[in-house]
1. Output the number of the condition that S118 fails; it satisfies all remaining conditions of (1) in contact with a Leu (Cβ under 8 Å, 6 or more places away or on another chain); (2) assigned to a helix (DSSP H, G or I).
2. Return the residues of the stretch 126-158 that are in a loop (DSSP other than H, G, I, E, B), surrounded by 12 or more Cβ atoms within 10 Å (Cβ to Cβ) and not charged (D, E, K, R); say none if nothing qualifies.
3. Quick one: A24 ticks every box in (1) over 12 Å from the mean Cα position of the chain (by Cα); (2) at pLDDT 95 or above except a single one, so which number is it?
4. Go through K45, K41 for me and flag whichever is of a type in the set (D, E, K, R), exposed (fewer than 13 other Cβ atoms within 10 Å of the Cβ) and at pLDDT below 85.
5. Would you pick out the residues in the stretch 55-95 that are over 17 Å from the mean Cα position of the chain (by Cα) and modelled with pLDDT under 85?
6. Mind counting the residues in the stretch 159-173 that are in a loop (DSSP other than H, G, I, E, B) and charged (D, E, K, R)?
7. Among (1) over 26 Å from E172 (Cα atoms); (2) at pLDDT 90 or above; (3) not aromatic (F, W, Y), which single condition is M110 missing?
8. Only one of these conditions is not met by D113: (1) assigned to a helix (DSSP H, G or I); (2) on the phi > 0 side of the Ramachandran plot; (3) not basic (K, R). Which number is it?
Amino acid sequence: MNRGLLIVYTGNGKGKTTAAFGLAFRALGQGLRVCILQFIKGPGKCGELVSAELFKNRLECHTLGRGFTWKSENLAEDIRLAREGWTLAQSLIATGKQDLLILDELTYLMKYDMVPASEIIPALKNRPPGLHLIVTGRDASPELIEAADLVTEMRAIKHPFDQGIQAQKGIEF
């Protein structure tokens with residue numbers, strides 16, 4: 001049996017979610033069962049979720065947020081949705097029916113105290129032995145980094161936004 005890994009993609013650069021979805025499609029190609037939980041992203045159809053529809057018999061996706069919380073007019077609702085999403089994540093971790101579980105933008109739940117790190121970190125550490133977990137988001141805490149088996153930091157060197165180029169279909173969403 002493989003040992004499940006805790007993988008963290010963090011940093012201020014672009015590519016954290018993209019890397020996680022890339023690993024999801026690699027796992028699907030190897031016959032693994034995959035589930036993706038997106039904690040902050042709202043209901044808009046990003047390209048990854050459109051592609052995920054092609055694997056709907058082996059890939060489960062949940063978009064749990066209302067969009068960018070730093071622009072929120074109802075932070076209480078965002079916190080409620082984050083806690084609800086974390087409850088779902090705990091349930092999925094406990095069942096161990098997935099081979100790979102992606103917790104996209106989970107770091108923000110801890111950073112903004114929507115769900116305490118003291119609740120999240122032990123659940124990640126105590127996952128079933130064969131379950132791979134991927135956590136994405138900026139500002140991964142030292143505790144999360146310490147708990148992880150693999151951490152990759154995406155570092156922004158140059159970005160089209162800095163040149164006034166807006167987000168483009170198929171590249172940013």
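1. It is condition (1) that S118 fails.
2. P128, G130, L131, G137, A140, S141, A148, M154, A156
3. Against the list (1) over 12 Å from the mean Cα position of the chain (by Cα); (2) at pLDDT 95 or above, A24 comes up short only on (1).
4. K45
5. Those that are over 17 Å from the mean Cα position of the chain (by Cα) and modelled with pLDDT under 85: F55, K56, N57, R58, W70, K71, S72, E73, N74, L75.
6. 2
7. That leaves (1) as the condition not met.
8. (1)
The values are calculated or read from the model by the stated rules, or taken from the named source; none is laboratory data. Predicted, not measured: the structure shown is a model, and the values here were computed from it. Every residue, glycine as well, gets a Cβ built from its backbone with ideal geometry; the counts of neighbours run over all protein chains shown.
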